[in-house]
Amino acid sequence: MISLDKVRGVRCMEIISYFESSNPSVWLKQLANLEWPPSRHLSQMIGEGEFYHRLGQTSQLFLLVEDQYLIGHCTLSEQDNISDLSRQPWIGYVYVHPDYRGQKLFMHLLAYAESWARQKSYNQVYISSSHQGLYEQYDYQVIDQCLDNKGRPTQVFCKSLD
């Protein structure tokens, strides 16, 4: 868990692990109610017991919360939406609620996942995304372009953790 109260002043924000939280049912319900379809997909995977099967046994779901409200999330997983098991871990499902954007919370989610990966002795992390100009500002570099598991074009970004 990391506290972000310095980011937002007096409010108490923190990043927690969904699977280590004391009230996962509260978070699962909020995840299911977010407007972003991938958030609902995450909720469905968890609800059906498919999270680890689809993303890998050591995968994590990190939640950015303020009091009892879900503000954002990201995963750190063995697998992502491309069939390339030679690269891991993957940061995915990165989301910050629209009311909280522009406050560098996206950066804090990425940094938290990167720190977790570093603690697990990974030297780099990967992201699959079609966004251009977003991840580059956080020192990610495009290393490949390919098709995802649904046949859509995507870029593979990499960041060294050294």
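The values are calculated or read from the model by the stated rules, or taken from the named source; none is laboratory data. Since the model is a prediction, treat every value here as computed from it, not as a measurement. Heads up, the Cβs are rebuilt from the backbone with ideal geometry, glycines too, and the neighbour counts pull from every protein chain shown.
Listed here are the residues, each with its yes/no results for (1) out of contact with any His (no Cβ under 7 Å at 6 or more places or on another chain); (2) among the β-branched types (Val, Ile, Thr); (3) surrounded by fewer than 21 Cβ atoms within 10 Å (Cβ to Cβ).
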residue: Glu35; (1), (2), (3): yes, no, yes
residue: Met45; (1), (2), (3): yes, no, yes
residue: Glu50; (1), (2), (3): yes, no, yes
residue: Gly56; (1), (2), (3): yes, no, yes
residue: Asp80; (1), (2), (3): yes, no, no
residue: Trp90; (1), (2), (3): yes, no, no
residue: Val94; (1), (2), (3): yes, yes, yes
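Of (1) part of a loop (DSSP other than H, G, I, E, B); (2) over 12 Å from the mean Cα position of the chain (by Cα), Asp80 satisfies all except one. Which?
Asp80 satisfies every listed condition except (2).
Taking into account only those residues within region 104-162 that are at positive phi and modelled with pLDDT of 95 or more, which is surrounded by the fewest Cβ atoms within 10 Å (Cβ to Cβ)?
By that ranking, first place goes to Ser121.
Name the one entry in Val7, Val26 that is assigned to a helix (DSSP H, G or I), farther than 28 Å from Asp148 by Cα, at pLDDT 95 or above and more than 14 Å from the chain's Cα centre (by Cα). Don't jump to the end; show me each part of the working.
Values: Val7 fails: at pLDDT 95 or above.
The conditions single out Val26.
Which of the residues belonging to region 135-151 are assigned to a loop (DSSP other than H, G, I, E, B) and either more than 15 Å from Arg87 (Cα to Cα) or over 17 Å from the mean Cα position of the chain (by Cα) (or both)?
Residues of region 135-151 assigned to a loop (DSSP other than H, G, I, E, B): 139-140, 148-151.
Once the filter is applied, which keeps residues that are assigned to a loop (DSSP other than H, G, I, E, B) and either more than 15 Å from Arg87 (Cα to Cα) or over 17 Å from the mean Cα position of the chain (by Cα) (or both), region 135-151 yields Asp139, Asp148, Asn149, Lys150, Gly151.
Anything in region 95-112 that is closer than 26 Å to Cys146 by Cα and either touching a Ser or Thr at 6+ places or on another chain (Cβ under 8 Å) or not aliphatic (A, V, I, L, M) (or both)? List them, or say none.
Residues satisfying the conditions are Tyr95, Phe106.
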